[in-house]
Amino acid sequence: MYVCMYLVACQSVGCSERAKITDRPTLGATLRGRVASTRLGLSGNRIDQLQACLLLVVTTNNTMASPQHLRGRYAHAPGPTFLAYTPDGKKLVTAGVDSFCRIFNSRSDQEPTNVDDCEENNAAIVAGNTFFIIVAENGNISRYSLANHKFEYYLDRVSLPARDVALSPDEQWVAVASDEHTVLLVTTGGRHERQTKKLSDHQGSVQHVSFDTVGQRLAVSSTNGVVYIYSLESTEPKMIKQLGGLIRRYEQGIESSSEVIWHPDGRAFAVPTPLREIQVVSLNDWEKQQTFKTPHSADITAASWSPNGSFLATTASDLKLCLWDTKTLKLVKTYDDVKATITAMKWHPTDNVLSYTNSEGQLYIHEDFVPLEYADRLQKPVQPAPFFHDPAEDRLSNPTSKPANGLTRTLPERRQREISMDPLDEILGVDFQDEDMDDFVDDDDGAGYAPVVNGHGKRTNGHLDSLQSKAKRHAQASNVRLPDIHEPFQPGATPWRGNRRMLCCSLFGYVSTVSQEGDQSTVELKFADKRYRDAKISDIYGYDKAALSTKGALLSCQPGEEHPAMIYYRPHGTWTANSEDWRTKLPDGESVTSIALSESYAVVTTSSNYVRIYSLFGLPIRIYRQKSSPAVTCAAWRDYVLTVGNGPVGADGTSQLLYTIENVKRDEVYQSEDIVALPKNTTLQSVFFSADGDPYIYDSDGVLLTLLRWRNTGQARWVPMLDTRNLSRRVGGGKEETYWPVGVQTDENNNRVFECFIVKGSERYPTNPPPLLSQFPLEIPISSSNEDASANELEHEFVLSTILHTQLTETLSHTRPTEEQDADLRDLEGRADAALLRMLPPECKVEQRNPKALELVELMRDSNDKFIKGALKAAERFAKNPELIKKMKKIQARKDKARLTGGEVEDLIEDDDNDDDDDVYGDF
């Protein structure tokens, strides 16, 4: 009997009705009514027991009947992949790094249709109802038919790699962003209908473009961190607004988005910010409105409004997909099942479906994306944009009426004038604004704007100035631009790529971390020197920085819910039976900004601008507050520590970087708060000591510089040792690649070389595991490559050998030299003199150039008289003026005398300044 009652009740509460009932009380009441309606004469207790059983079964069936459908499909080869829905929602088209596109039918599990003969390395895709358009890195803009799945024609092409494409709502125009400093507008029709326009009022190359909902405005996201808005209402497009401080400056290789996403109601747009937030901006006054403060721990890679603006979807490189309620700005749900970084994301035009593609070439169609209890909001009309104060609600609905019964109208108290300056106010500033005029009303029409009187019929003192001094007025908001400071970084560290990240890399090896299931990770130590054994460390703290030396590995983590910031040192091995590692906790509220490790000390810079120095056994040696703050980075070698921090702000609003070098063991500061020589719009990318102990920096322009004479206070200067933009492999633009710095050392031929990872294409960071190290000889930018190659090579050899000789001489003056170092010093001296000797014959042949020949001989160090004798032989063979040989012999005599007396040649020349016969630079 009970089974029959169950079947009757379940049949009466069908699947469609169960799907609409989401709460247990409603479902229970419905079942109780159905059981009671069977009239089988059961008591109330029996009905309650049966109701509980039925409720459990039906609730389970209801849960099983409506699962989330997440279907992953391999659409393209691994790499950036993009997608677009047709406006009617019937088809979805994808493009990736391979030479074909795929067309998927909505609401169908059929295999997609391939469109062959497409471009490779596609950068973006858009779709109309009958066609789709893709742009590729080779610059081609191609149109394909959705009817016959064939290529139709090229719309146009750009000379540099394309980055984005946008289709106007009427499907008549496309806008193309590229590495060029212009945006191309081209019609989608055939060759005979084609029109083009170019937008060039903005600055920098363009990363993203997007049309508004009616096609009257175009948003341009530039790589310089500025959003430009163009009006397309007239025949010639016109830039109407530029908005700075919204998006981050583009850095090649970083997976982030700065695309403007227009709200469906057309009155606002949103854009990802450098703070990993979504900022809404009003088109009425271009002011910032509501902000979605996302929980993303990495840069946002995509964002999209739902078709009616009720929801917002965001995703980032942290592999989180978030759904937001745009009315309450609350997080509705976070999806943690993202497998790889999402590169493109689109809502279905009508259904509760969100589709996205990722960096692994996969397509995911997320059905029932909005949870069931919120899904009905997708059926509502277009919702208003999330404003602080909706302008539509501020309009007065009733006209002003005259006061009745002879009453006077008292003006309501006006709120204080906000900073919305006219041009004169903006020039003069807040202190010069005429505040007395804010409440001025001219009663020239007898409408009854009477002054307020008190109970005695007297005028109040409301018209008088405040007793508070103007000098003590409360501070007001202003439009003062905050300085641009250099963000802290860890040398050699890379961002997350999938579940892997490199924490540091050096000539000795590298440290990386691999995230596992849950909150645990594994830190891997890989050594270039195979005498050391690779190691793995179980990580439950989330180590995010590392440093490596021949003695051990140093790791650090940021504060967590259950622990403060910590540093952890693990030695490679000791002379004792068991190696002793140690861990130190930092004070509460303090986080680690960078770390460094040498053979003697561990160095930590923190968010409190402290520099903390420990021995390799965990003993605190030094702690002091860095003068240049906030701290940026640090490096260490033996007893030397180099720290870098933000200094004073320059005229362009950018903070200058300052560095300090000290010897911890001797407690000596060699250079204190000196300037890091960086040109405008250039950032510091890495800081390290070479294998010989010389400081080097590498900037975002690809220039490697060393610090010369840094042990002499006030004498240090930055010298360029290599400009990677001038490498022979990159001349002519044949290769698109960047170089990830690792270090500088001496190769097997006793030449100093720059060790780095080559990063191909538009990527900025090396893979993990990293590729093999590449070596480039140091090449000081002496002159243009178009000049005489042989002369340029000799001049470069002389300058490079002289600089390296100066570096090594200074190093040996502060350390005990080895036989190998002494031999290296003599070799550098010989290289410089040999270069001078090889430059000598052409100067001897021409009499007018004989003074330069004499200068070359004077510059020779020639500790053993070998090269001076060679110079005399060259002069005797090539010189036509015997006076040159005579003067060379005088220089030889002085150098011989200097070697015998132990003095300097310059001193001997000064002693003979009054002797005209010894003036080697006199007339020939």
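Other residues lying with their Cβ under 13 Å from the Cβ of residue 191 contribute a combined charge of -1, Lys and Arg counting +1, Asp and Glu -1. Relative protection proxy for 340-353, 610-623, from highest mean packing down: 340-353, 610-623 (other beta-carbon atoms within 10 angstrom).
Cβ crowding within 10 Å, taken as a proxy for footprinting-reagent exposure, orders 223, 815, 593 from fewest neighbours to most as 815, 223, 593. Placing +1 on the Cβ of every Lys and Arg and -1 on the Cβ of every Asp and Glu, with nothing else charged, gives region 98-152 a dipole about its Cα centre of roughly 300 debye. A convex hull fitted to the Cα coordinates of region 789-918 yields 116 cubic angstrom per residue. In terms of overall dimensions, the C-alpha atoms belonging to region 580-658 reach 51, 30, 15 Å along their principal axes, ordered largest to smallest.
Rounded to two decimals, the Cα-based Rg/Rh of region 68-127, with Kirkwood Rh, is 0.95. For region 297-356, the share of alpha carbon pairs falling in successive 5 Å distance bins from zero is 4, 20, 30, 26, 16, 4, 0 percent. The alpha carbon convex hull volume per residue for region 500-777 rounds to 161 Å³. Straight-line cross-link reach from residue 198 at under 20 Å between alpha-carbon atoms covers these lysines, not counting any fewer than eight positions away in the same chain: 238, 241. Translational diffusion of region 69-390 was estimated from the Stokes-Einstein equation, with Rh taken as the Kirkwood radius over Cα pairs; at 20 °C and 1.002 mPa s the coefficient is 109 µm²/s.
Mean separation of Cα pairs under 8 Å and 6 or more residues apart, divided by the residue count, gives region 789-918 a relative contact order of 20 percent. So what's the net charge close to residue 174: Lys and Arg +1, Asp and Glu -1, counting the other residues with Cβ under 12 Å from its Cβ? That sum, taken over residues with Cβ under 12 Å, equals -1. With Cβ to Cβ distances under 11 Å as the rule, what net charge do the other residues near residue 800 carry (K, R +1; D, E -1)? Net local charge, residue 800 excluded: -2. Descending by average beta-carbon neighbour count within 10 Å, the peptides 228-238, 716-726 line up as 716-726, 228-238, the highest first.
The distance separating the Cα centre of region 227-297 from that of region 148-194 comes to 22 Å.
Let a ≥ b ≥ c be the square roots of the eigenvalues of the Cα gyration tensor of region 229-331; is it rounded (a/c under 1.5), or, if not, prolate (a/b larger than b/c) or oblate? Because a/c hits 1.5 or more and a/b fails to exceed b/c, region 229-331 counts as oblate. Cross-link partners of residue 873 among lysines, defined as those whose alpha carbon lies under 24 angstrom from its own and excluding same-chain residues fewer than eight positions apart: 845, 852, 886, 887, 889, 890, 895, 897.
Counted over all Cα-Cα pairs of region 686-762, pairs farther apart than 22 Å make up 29 percent.
Readers should treat all values here as calculations from the given coordinates under stated rules, not as data from a laboratory. This is a predicted model, so every value here is computed, not measured. Don't worry about glycine lacking a Cβ; one is built from the backbone with ideal geometry, like all the others, and counts go over all protein chains shown.
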